[in-house]
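Nothing in this text is a laboratory measurement; each read-out follows from the coordinates by a stated rule. Everything numeric here is computed off the predicted structure, so don't read it as measured data. Glycine gets a Cβ as well: all are built from the backbone with ideal geometry, and neighbour counts include every protein chain shown.
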Amino acid sequence: MNETRDCQNCKTDFTIEPDDFSYYEKMGVQTPLLCTECRSQLRLSFRNERAFYKRPCDKCKKDVISMYSPVRAGSPNKAHTVWCYDCWFSDDWEGTDYAKEYDDSRPFLEQFEELWNDIPKIGLIYVKSPGCEYTNISADNKNCYLIIESSNNEDSIHSYWIQECRDVIDTSFASKCERTYECDDCYDCYKVYYSKGSHECRESYFLLDCKDCTNCIGCVNLRSKKFCIFNEQFSKEDYEEKLQELKLNTRGGVEKMRSMFDVFSKIQPRKYAEIVNATGSTGDYIKHAKNCVSCFHCYEAEDNKYAVHVWRNAKDCMDVDTAGRNAVRIYNSINSGLDTFHQIVCAVCWGSTFSSYSMYAMNCNNIFGCAGLRKKDYCILNKQYTKEEYERITNEIIVKMKQEGIYGEFFPATFSCFGYNETAAPERFPLTKDEAIAQGFKWEDTPRGTFG
């Protein structure tokens, strides 16, 4: 049966369902102390997506673009070593150079914080992305500029969360699109402009919730139609004549059409949610999913809960913000992807399996409390152990964390390198400076920008 708890942060009641208890038992973690919303807010306070600055690399001294602001008087948040991409991924250093011996007389998270503060940070994070130096939290792109939280794209710019797209501009939450402009939540579209929530459409302008439409303008809720304007059917010849009259190749024509479409779309019926082919699923913006509960922006995913951005074969994940590309059994983590399995409280641990309480660890296996590692196994606080030693010490750490009642809780807000106002958190949980600081978050007053 359901159990009601009191969130230790916002003090509101939240419910733990029987399936939740089963998941916590499977992962070996304790039941959460915070409600789902507070858990998500805390995780998001660790992700700076697009507040960029110009600063020198602390290793090669070249000026670079970074999500970490330069160290300045009165800005205590950024007292970290920051390296450029080439220096961070070079072979002349290892995360094990910063290893710390576990001290069983001290709290484990206190020791991890010391390691996290010491380890060099990467200015912008992207992997396997030639010609994409100005991208962040992205992978496997080619010739892209200023795209965020995106992977497997080519020749695209100024976009957020695009997957397997090509030649798209100013587009967000799109998959398998080509030559789109100013689109949001569009899938499998070609040459579609100024549109939202449309799938499998081609050569169209100003669409809303349309599917399999071609050569349509200003349409809402259409299915498998051609040559329609404001949902009215035209002949091919008349459509082409109207298209010329609308002058959608000019700024004035686009702005006039935008105003007309805004009026027209507001009087059309709207679906309660964007859920397509998603049995047993609840939330919004869900497509090709199964048993995804309280999930938002979820597609090609299965058996996930309390999740945002779960996609491309994400399975059996709970309390995650961004998990995809074969991310399986991920708990209370952020930005887990690229063939990951069994992560507990991790941030940007791509390609890593059986990882716990770790940050920015790439292609590692069996790590606990590590940061900045690459291709390492059986490490604790970045120190290498034998398999037997690793299992003995991690078991000891877990027992002590459970005695503290915190095993499974995310890192404290003070561990974040960013001011709350730099992160993704305010988009869902807006706070003033005073409110953020009162809740234990940091704040960054350095003006953002890559000038100077």
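Details
- Rounded FRET efficiency, nearest 0.05, which uses the C-beta distance separating Q233 from K256 and R0 of 25 Å: 0.65
- Maximal additional length on extending the E17-T386 stretch stands at 129.0 nm, based on 0.36 nm per residue less the C-alpha distance.
- Charge dipole of the range 122-271 (Cα centre as origin; +1 on each Lys and Arg Cβ, -1 on each Asp and Glu Cβ, all else neutral): 360 debye, rounded to the nearest 20.
- Taking each residue as 0.36 nm, the span from A79 to K142 lengthens on full extension beyond its C-alpha to C-alpha distance by 19.4 nm.
- Burial order of peptide ranges 400-413, 101-114, 146-159 (average beta-carbon count within 10 Å, highest first): 146-159, 400-413, 101-114
- Full extension of the chain segment joining E427 with N9 gains 148.6 nm, where the gain is 0.36 nm per residue of separation less the Cα-Cα distance.
- Here the Debye sum runs over all C-alpha atoms of the range 276-349 as equal scatterers in vacuum, and log10 of I(q)/I(0) at q = 0.23, 0.24 Å⁻¹ comes out as -0.81, -0.88.
- Between helix 108-118 and the chain: long-axis angle, C-alpha atoms, 0 to 90°, nearest 10: 70
- With R₀ set to 30 Å, the beta-carbon distance separating N2 from K266 gives a calculated FRET efficiency near 0.15.
- Alpha carbon centroid spacing (whole Å) that separates the range 310-349 from the range 156-216: 26
- Estimated vicinal HN-Hα couplings, Hz - the range 429-446 in sequence order (Karplus 6.51, -1.76, 1.60; Gly, Pro = x): 9, x, 9, 6, 4, 5, 5, 4, 5, 5, 8, x, 8, 8, 9, 10, 9, 5
- The relative contact order of the range 350-418 comes to 17 percent, based on Cα pairs under 8 Å that sit 6 or more residues apart.
- Spin-label pair E110/K26, simplified geometry with 7 Å Cα→Cβ offset, distance in nm: 3.6
- Label-point gap, in nm, between E203 and E396 - each point 7 angstrom along Cα→Cβ: 7.0
- Magnitude of the charge dipole for the range 48-173, about its Cα centre and with charges confined to Cβ atoms of Lys, Arg (+1) and Asp, Glu (-1), is about 620 debye.
- Whole-number percent relative contact order across the range 338-452, with pairs defined as alpha carbons under 8 Å at least 6 apart: 13
- Using θ = phi - 60° in the Karplus curve 6.51 cos²θ - 1.76 cosθ + 1.60, the 3J(HN,Hα) couplings for the range 129-143 round to 9, x, x, 10, 5, 10, 10, 9, 6, 9, 8, 6, 10, 9, 6 Hz; x is entered for Gly and Pro.
- Each Lys and Arg Cβ is given +1 and each Asp and Glu Cβ -1; about its Cα centre, the range 399-452 then shows a dipole of about 200 debye.
- Trypsin sites (Lys or Arg not before Pro) lying in DSSP loop within the range 166-256, provided at most 14 other Cβ fall within 10 Å: K247
- Cβ-derived FRET efficiency at R0 30 Å, Y181 paired with R223, nearest 0.05: 0.80
- Our summary gives the chain a relative contact order of 12 percent, counting only alpha carbon pairs under 8 angstrom and 6 or more residues apart.
- DSSP beta bridges in the range 183-277 [antiparallel fraction, %, rounded to 5]: 10
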